[in-house]
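The values are calculated or read from the model by the stated rules, or taken from the named source; none is laboratory data. Computed from a predicted model, the values in this text were never measured in an experiment. In this analysis, Cβ positions are derived from the backbone assuming ideal geometry, glycine residues included, and neighbour counts consider all displayed protein chains. Accessible surface areas use protein heavy atoms only, side chains included; no ligands, DNA or RNA. Shrake-Rupley method; radii C 1.70, N 1.55, O 1.52, S 1.80 Å.
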Amino acid sequence: GSGGITLNKVHGDIRATTGSGGITISAPAGRVHAKTGSGGVTVSGVTADLRATTGSGSLIISGNPAPGSYWELRTSSGNVEIEVPPSAGFRLHAHSSSGSIESGIPIVVEEHTRRQLRARAGNGEARVEAQTASGSIRIR
């Protein structure tokens with residue numbers, strides 16, 4: 001179906017899917033799987049596993065990935081914005097087919113080409129993968 005989804009402070013895992021419409025999730029307690037065919041996905045206060053996917057739209061993610069957690073962020077057409085605290089610890093693999101990849105936080109760069117960035121922030125205990133075909137990726 002189509003239509004936007006807004007969820008706040010859900011205790012437990014979240015699976016939110018819409019064919020067309022934005023998804024906004026704040027302060028999730030568990031794992032999050034958010035998918036829309038067309039529309040943005042915004043998730044704030046996330047710490048557990050996260051999978052956010054959109055065909056056309058931006059992903060705006062803020063939180064602090066817990067040790068051992070995995071964030072998978074994918075959009076075909078749109079930007080990916082990731083906001084984490086300075087204390088965050090994760091391994092990053094960012095890939096953009098056409099667009100820039102920038103980090104405003106201290107990271108240890110392992111590989112940086114025009115299309116991808118592999119790096120470590122802090123202790124590197126979580127994993128963050130961000131991918132866009134057409135758009136930029138920013139970590140701040």
Filter the stretch 75-91 for residues that are touching a residue at least 40 places away in the same chain (Cβ under 8 Å) and either part of a loop (DSSP other than H, G, I, E, B) or in contact with an Asp or Glu (Cβ under 8 Å, 6 or more places away or on another chain) (or both); which is most open to solvent (accessible area, probe 1.4 Å)?
-> N79
Report yes if some residue within the stretch 49-58 is touching a strand residue (DSSP E or B) at 6+ places or on another chain (Cβ under 9 Å), open to solvent by 40 Å² or more (accessible area, probe 1.4 Å) and touching a residue at least 24 places away in the same chain (Cβ under 8 Å); otherwise report no.
-> yes
Evaluate the stretch 103-126: report whether one residue or more is within 20 Å of T54 (Cα to Cα) and within 15 Å of the chain's Cα centre (by Cα).
-> no
Considering residues that are open to solvent by 10 Å² or more (accessible area, probe 1.4 Å) and closer than 14 Å to L59 by Cα, the number found within the stretch 10-37 is 7
Take the stretch 92-108 and flag every residue that is part of a strand (DSSP E or B), under 23 Å from A133 (Cβ atoms) and not polar (S, T, N, Q).
-> L92, H93, A94, H95, I101, E102
